[in-house]
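The values are calculated or read from the model by the stated rules, or taken from the named source; none is laboratory data. This structure is a prediction, so every number in the text was calculated from the model and none was measured. So basically every Cβ, Gly included, is an ideal-geometry build from the backbone, and we count neighbours across all protein chains shown.
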Amino acid sequence: MKNRKWNAEFPDVPEHVHQTVLSTLAGLDDRKVKKVKRMKKRRMVILIAAALAVLGTTVSASEFFKWNKRATEVFVADEEQQKELAMSQIAKEEYQTVSDAGITIRAVQTIQDTNCFYALFEVTAEDPSIQITADNGMSFLVDYQGGEDPFGAFECGFVGEDQQAVSNSRYYEVFGTKMNPGTEDLNMKIQFTSLDAPGGKAMKGEGIVDGNWEFALNLHTTEPVHYEINEEYQINGCTVMVKSAELTPISVKLTCDRAGALQLEEQEGINLDQTDSLRSLFVNGIKYQDGTIVEEEGYQELWISCGDGDYTKTARFSRVIDVEKASALLVGDGKDEIKLP
């Protein structure tokens, strides 16, 4: 399992490539052929090569997928990692734009694995006097097309003003924690119904513009790399049996025995029954086989479970990691090392 390849599948061909091919083929319509001068062989070869290059883009579609700047702030990835995640369809460019009632909403990009889901939209008002702030809201309905809702948590909202200046256009983000992802792809329909005015704390504002903006998104799982560990480690002065770990390029799942977690609970002075989090088991870095350490700066826990003899936590990385190179997890403020077999 450790040597799983993340580039085994190819993504869909970008829409602009598809349209280029259609335009090229349309020009070959026999009814539109005009008499032309005889073409030199060398020029003919060049044109044929160019046509083949266009038609051959189906095998390198990820080369045309440029991550949105906002997405790279949420999931920090270098250019090579961006390509890898596009090839494995963990990251996907969306090609859906819907306009209604003077508002255009564009689905920009999705990033997801077996644990988490992220969707980025751009909302633009034709009327420049409509200024969209971080406090505005969007009302929407979600339909899983006959399938089960896989999410245990679902958060959404416009990006903050430290990420984007106030104007008539603003990014809208959706974050989901998958509690029951299943093994089959699931089609999710998001139907936006209104752009809302800023509301009070934990309250929805009144609708500014009502309309119908419908998008179909695909929910799929990514098989993680699973490590059976079953070894005792000294973590923050306590003996903890680490049972297993699972990694994808964007998230981690760590399972330890409950007894060790209870020792850490007492050591840290927290209450696990109140869903407090154990800092001692924060995954604060990944160590690669060559000794390189990838520091984790924006670690975000998705969910925690402490029952049936196990303590399990799942978290999303802020930085995309290379699973093939991972040799250890670094946990807690002391960066205690948990080796990956």
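Kindly evaluate Phe151 against the criterion of being over 16 Å from the mean Cα position of the chain (by Cα), under 24 Å from Ile250 (Cα atoms) and either surrounded by 14 or more Cβ atoms within 10 Å (Cβ to Cβ) or not small (Gly, Ala, Ser) (or both).
So Phe151 fails the test.
Restricting to the range 201-240, name every residue that is under 30 Å from Ala326 (Cα atoms) and not in a strand (DSSP E or B).
His220, Thr221, Thr222, Glu223, Pro224, Asn236, Gly237 - these are the residues of the range 201-240 that are under 30 Å from Ala326 (Cα atoms) and not in a strand (DSSP E or B).
Any residue in the range 186-198 that's buried (at least 20 other Cβ atoms within 10 Å of the Cβ): show its pairings with residues that are of a type in the set (Phe, Trp, Tyr) and in a loop (DSSP other than H, G, I, E, B) at Cβ separation under 7 Å, as long as the two are six or more apart or on different chains.
These pairs meet every condition: Met188/Tyr144.
Conditions (1) more than 18 Å from Ala134 (Cβ to Cβ); (2) assigned by TED's automatic domain parsing to the domain that holds Ser251, marked per residue:
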{"site": "Cys156", "(1), (2)": "no, no"}
{"site": "Ser167", "(1), (2)": "no, no"}
{"site": "Phe175", "(1), (2)": "no, no"}
{"site": "Thr183", "(1), (2)": "yes, no"}
{"site": "Lys189", "(1), (2)": "yes, no"}
{"site": "Ile229", "(1), (2)": "yes, yes"}
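State the number of residues belonging to the range 77-96 that are surrounded by 15 or more Cβ atoms within 10 Å (Cβ to Cβ) and assigned to a strand (DSSP E or B).
The number of residues fulfilling the criteria is 5.
Being at pLDDT below 95 and either assigned to a strand (DSSP E or B) or of a type in the set (Lys, Arg) (or both): is that true of Asn180 here?
Criteria not met by Asn180.
Just to verify a result, which residue in the range 111-136, among those that are surrounded by 20 or more Cβ atoms within 10 Å (Cβ to Cβ) and touching a helix residue (DSSP H, G or I) at 6+ places or on another chain (Cβ under 9 Å), is nearest to Glu173 (Cα to Cα)?
Ranking the qualifying residues of the range 111-136, first place goes to Leu120.
Please enumerate the residues belonging to the range 304-330 that are modelled with pLDDT of 95 or more, among the aliphatic types (A, V, I, L, M) and in a strand (DSSP E or B).
Correct list: Ala326, Ala328, Leu329, Leu330.
Here's a check for you: in the range 138-154, which residue that is at pLDDT below 95 and either in a strand (DSSP E or B) or polar (S, T, N, Q) (or both) is nearest to Glu214 (Cα to Cα)?
Checked the range 138-154; the qualifying residue nearest to Glu214 (Cα to Cα) is Gln145.
I'd like the full set of residues that are within 21 Å of the chain's Cα centre (by Cα) and within 23 Å of Glu73 (Cα to Cα), limited to the range 135-148.
Residue satisfying the conditions is Met138 alone.
If you go through the range 300-317 one residue at a time, how many are surrounded by 16 or more Cβ atoms within 10 Å (Cβ to Cβ) and within 25 Å of Lys83 (Cβ to Cβ)?
3
State which residue is farthest from Arg316 (Cα to Cα) when the search covers only the range 103-127 and only residues that are outside any strand (DSSP E or B) and in contact with a Gly (Cβ under 8 Å, 6 or more places away or on another chain).
Asp127
Among all residue pairs at least 6 apart or on different chains, which show Cβ distances below 6 Å where the first residue, located in the range 75-102, is of a type in the set (Ser, Thr, Tyr) and the second is assigned to a strand (DSSP E or B) and crowded, with 18+ Cβ neighbours inside 10 Å?
Final answer for the pair search is Thr97/Arg106.
Are any residues in the range 103-138 touching a residue at least 60 places away in the same chain (Cβ under 8 Å) and of a type in the set (Gly, Ala, Ser), and if so, which ones?
Ala107, Ala119, Ala125, Gly137
Working only within the range 173-185, note down all residues that are of a type outside the set (Asp, Glu), surrounded by 17 or more Cβ atoms within 10 Å (Cβ to Cβ) and in contact (Cβ under 8 Å) with a residue 60 or more places away in the chain.
Gly176, Thr177, Lys178, Pro181
Lys243 passes all but one of (1) within 24 Å of the chain's Cα centre (by Cα); (2) closer than 30 Å to Gln81 by Cα; (3) in a strand (DSSP E or B); which number fails?
(1)
Do you know which residues across the range 155-177 are among the polar types (S, T, N, Q) and not in a strand (DSSP E or B)?
Gln163, Gln164, Asn168
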